[in-house]
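This report concerns only the one structure given below.
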Amino acid sequence: MKKVFALVLAFALVLSLGVSAFADVKSSSSPTTGGDAAVKDEGWGEFTTAVPAAPVKMGMEVHDGEHEDKLLAVVPNEELTMLPVDEAAELSAEDEEAFLAAYEEAKAVEGKVVKYFYWIDVPEQYKTEGAWFRLDFKCAGENVEVTVNGKPMEVVHVDGVDYYAKLTELGAVAIMCDK
């Protein structure tokens, strides 16, 4: 009986060690621009804000703001453009300049920390007068705010760290909360 008990304890010990021994040592707790480290760009310093890995659900919903927020369409994830700051050069020169200027403006907001900052756009076929885009995201922190191109957007708290923002325009998205 003692041998069986010793064998069970040894087996439990091996299993418990195996879990921590094979744990992934990379951490995503520090915000980055999608890689494992901050990226430097000439003249702009280090980019340290994160970009969500992918939108949740099957895509971004488009709602009619004039008719009781009726669902008009869903933009598939593969048709969304989501670029971190370090990929700003992929935009037109005008959009790149506006994107980088909005980044500096968001970082300068007093008492706030920028949790996410990225460029978001959809194909023209989804852009309808009076429509808004539902941006689902997760954010831990107090007094969560979302701006697009420096303009505040309506934020709806769903539950816990789950939120969505009603984007009435697209471009440079900043998701911020209190420091």
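The values are calculated or read from the model by the stated rules, or taken from the named source; none is laboratory data. These numbers come from a predicted model, not from an experiment. So basically every Cβ, Gly included, is an ideal-geometry build from the backbone, and we count neighbours across all protein chains shown.
Quick one: would you say residue 102 is touching a Gly at 6+ places or on another chain (Cβ under 8 Å) and aliphatic (A, V, I, L, M)? The answer is yes for residue 102.
Within the range 115-124, one or more residues are out of contact with any strand residue (DSSP E or B) (no Cβ under 8 Å at 6 or more places or on another chain) and part of a helix (DSSP H, G or I). On the stretch given as the range 143-158, residues that are acidic (Asp, Glu) and either out of contact with any strand residue (DSSP E or B) (no Cβ under 9 Å at 6 or more places or on another chain) or under 9 Å from residue 175 (Cα atoms) (or both) total 1.
Condition check ((1) modelled with pLDDT under 95; (2) of a type outside the set (Asp, Glu); (3) surrounded by 16 or more Cβ atoms within 10 Å (Cβ to Cβ)) across all residues:
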| position | (1), (2), (3) |
| --- | --- |
| 67 | yes, yes, no |
| 70 | yes, yes, no |
| 80 | yes, yes, yes |
| 92 | no, yes, no |
| 119 | no, yes, yes |
| 133 | no, yes, yes |
| 139 | yes, yes, yes |
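When the range 127-179 is limited to residues that are in a strand (DSSP E or B) and of a type in the set (Gly, Ala, Ser), the one that is farthest from the chain's Cα centre (by Cα) turns out to be 131.
Is there a residue in the range 18-31 that is surrounded by 11 or more Cβ atoms within 10 Å (Cβ to Cβ), at pLDDT below 95 and in contact with a helix residue (DSSP H, G or I) (Cβ under 7 Å, 6 or more places away or on another chain)? No, the range 18-31 contains no residue that is surrounded by 11 or more Cβ atoms within 10 Å (Cβ to Cβ), at pLDDT below 95 and in contact with a helix residue (DSSP H, G or I) (Cβ under 7 Å, 6 or more places away or on another chain).
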